[in-house]
1. So, in the range 178-237, of the ones that are of a type in the set (Gly, Ala, Ser), touching a residue at least 12 places away in the same chain (Cβ under 8 Å) and in a helix (DSSP H, G or I), which residue ends up farthest from Arg135 (Cα to Cα)?
2. From the list Arg131, Arg112, Arg135, which one is basic (Lys, Arg) and open to solvent by less than 60 Å² (accessible area, probe 1.4 Å)?
3. Quick one: which of Arg135, Arg127 is within 19 Å of Met157 (Cα to Cα) and among the basic types (Lys, Arg)?
4. Within the bounds of the range 271-278, is there any residue that is among the hydroxyl-bearing types (Ser, Thr, Tyr), within 25 Å of Gly190 (Cα to Cα) and either open to solvent by 50 Å² or more (accessible area, probe 1.4 Å) or touching a strand residue (DSSP E or B) at 6+ places or on another chain (Cβ under 6 Å) (or both)?
5. For the subset of the range 133-153 comprising residues that are closer than 19 Å to Pro265 by Cβ and within 15 Å of the chain's Cα centre (by Cα), which member is modelled with the lowest pLDDT?
6. Hey, which of the helices (runs of 4 or more DSSP H) in the range 80-160, taking only ones fully inside, have at least 1 residues that are of a type in the set (Lys, Arg)?
Amino acid sequence: MEKFLYLLIPLCAGWILDKQFGDPSILPHPVVFFGRMIASGEQKFNHGDRRFWKGAMMSVTLIAGTFLFSLVICSMLSAKIIGTLQLWIYIIVASIFVFYCLAGKTLMKEVREVFHACDRSLENGRRQVSRIVGRDTSNLSGQEVRTAALETLAENMSDGVIAPLFWYMLLGIPGMLAYKMINTLDSMIGYRNERFIMFGRLAARIDDFANYIPARLTALLMILVSGKWSLFPFVFKYGKNHLSPNSGYPEAALAGILNCRFGGPHDYFGETVDKPYIGANDRILATQDMKNAIRNAQYTELLAIIICIAVLCRLSFPA
């Protein structure tokens, strides 16, 4: 029974907290702390010779350190020393960690606000979408702003919701937090430009591994909740049309669901990157598309939580 409580209550409580509050701007966030450590390490080591090995050592150290530190904390709090009180201390701490690791509410809120801003003016849309994408947004058209927001919704449903849940099921809180470190490393140093091509190469490859199953699982869940099961061949066809080995699959799923087209040339750090197109229908996107996409994302997240609960119940109460 205790194992069940240790696993299930933090998951449900953390998810409910995320749905209620999203990322709290007034509270310290572990990802912000991760980002500061990565930025400090990058400034210190990303120069001179052997940049690949310097970046590799920094990445492995940060990932392993995050996993081991959280494992020690969780082990100490879950040890049977002071009985029921300690159980609830663990549940509270673990619930907060789950809350911080899930980003569903904030992701959907940001995408919704991009469309509303773009409806007000193109400049507002460009400024709003710059909060959630890494590309240069200063010259984007209204269509490109909306496309960028929906691409981000699809990709981050994997990175910000499904992948953390997947690693929680496998490795608990330590796995979830280690994944967030992996994802933060990739978002900061996993670029294929002159500055990061060597230093962030291993971090990017680790992120590819960590997201391999979650990205495809995200696409699967998105199609299941849409009811458009005939889209599986579409996803298999277009999921490979991405520079990332993973991001194309949830993007293809959403492009198929909305019957639209993603991809195309984007500007990153002053360089134009030609991304393959995902989908063939280059139609104009509207606010209703955003509403349909967010509805699909909400149902996808709910189905993922139900699956997690079912798996954890099975693990806690084997036949």
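1. The extreme case among them is Ser226.
2. Checking each option against the conditions leaves just Arg135.
3. The conditions single out Arg135.
4. Yes: the range 271-278 contains one or more residues that are among the hydroxyl-bearing types (Ser, Thr, Tyr), within 25 Å of Gly190 (Cα to Cα) and either open to solvent by 50 Å² or more (accessible area, probe 1.4 Å) or touching a strand residue (DSSP E or B) at 6+ places or on another chain (Cβ under 6 Å) (or both).
5. Gly134
6. Counting at least 1 such residues, we get 104-120, 122-129, 142-157.
The values are calculated or read from the model by the stated rules, or taken from the named source; none is laboratory data. Small disclaimer: the values here were computed from a predicted structure and weren't measured. As a convention, Cβ positions derive from the backbone with ideal geometry for all residues, glycine included, and neighbour counts pool all protein chains shown. The protein model used for the area step is the full one, side chains on, heavy atoms only, and it has no ligands, DNA or RNA in it. Shrake-Rupley method; radii C 1.70, N 1.55, O 1.52, S 1.80 Å.
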